[in-house]
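The values are calculated or read from the model by the stated rules, or taken from the named source; none is laboratory data. Here the structure is a predicted model, which means the values were calculated and not measured. For neighbour counting, all protein chains shown are included, and Cβ atoms are generated from backbone atoms with ideal geometry for every residue, glycine included.
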Amino acid sequence: MNYLKVRWLHDFPEEPKLLLSELDVDRYEIRKVELFGDGRLGFASSEASFGGTELGEGPIPMEGQISQDPQFVVERTDLEEFEALWLKATIGHSESS
């Protein structure tokens, strides 16, 4: 598994500021967590989603390609950081949220 953390630099309150994704070997999202400017968290997996967050429909571009767009900043992350935010986002939400 690969883990991707992207900071999105914008001023749209309805859009997330931070996106963390768990990617399979083909770079498809398996799980995703989004953090919004007001502190809200959304999440998505193949089993459940919450807060308007959805998995991408295609493979996620490589980090270098994402970084070419100045509104996106790719940051280092790992399983531990992803799992901590995933747990925080999913706690209290049922499988069918």
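Reported count of residues in the range 44-72, each being closer than 11 Å to Lys32 by Cα and among the polar types (S, T, N, Q), is 4.
Select the strands (runs of 3 or more DSSP E) contained entirely in the range 3-97, then report the ones holding at least 3 residues which are of a type in the set (A, V, I, L, M).
Values: elements: 16-23, 29-36, 41-45, 72-75.
The strands (runs of 3 or more DSSP E) meeting that bar are 16-23, 29-36.
Evaluated against (1) in contact with a strand residue (DSSP E or B) (Cβ under 6 Å, 6 or more places away or on another chain); (2) modelled with pLDDT under 95, Val73 falls short on exactly one condition, (2). The C-beta contact set for the range 63-79 (first residue more than 20 Å from Arg31 (Cα to Cα) and surrounded by fewer than 12 Cβ atoms within 10 Å (Cβ to Cβ), second residue among the hydrophobic types (A, V, I, L, M, F, W, C) and at pLDDT 95 or above, distance under 8 angstrom, 6+ apart or interchain) comprises Pro70/Leu9; Gln71/Trp8; Gln71/Leu9.
For the range 1-51, taking the residues that are under 22 Å from Pro70 (Cα atoms) and aliphatic (A, V, I, L, M), the one that is surrounded by the fewest Cβ atoms within 10 Å (Cβ to Cβ) is identified as Leu9.
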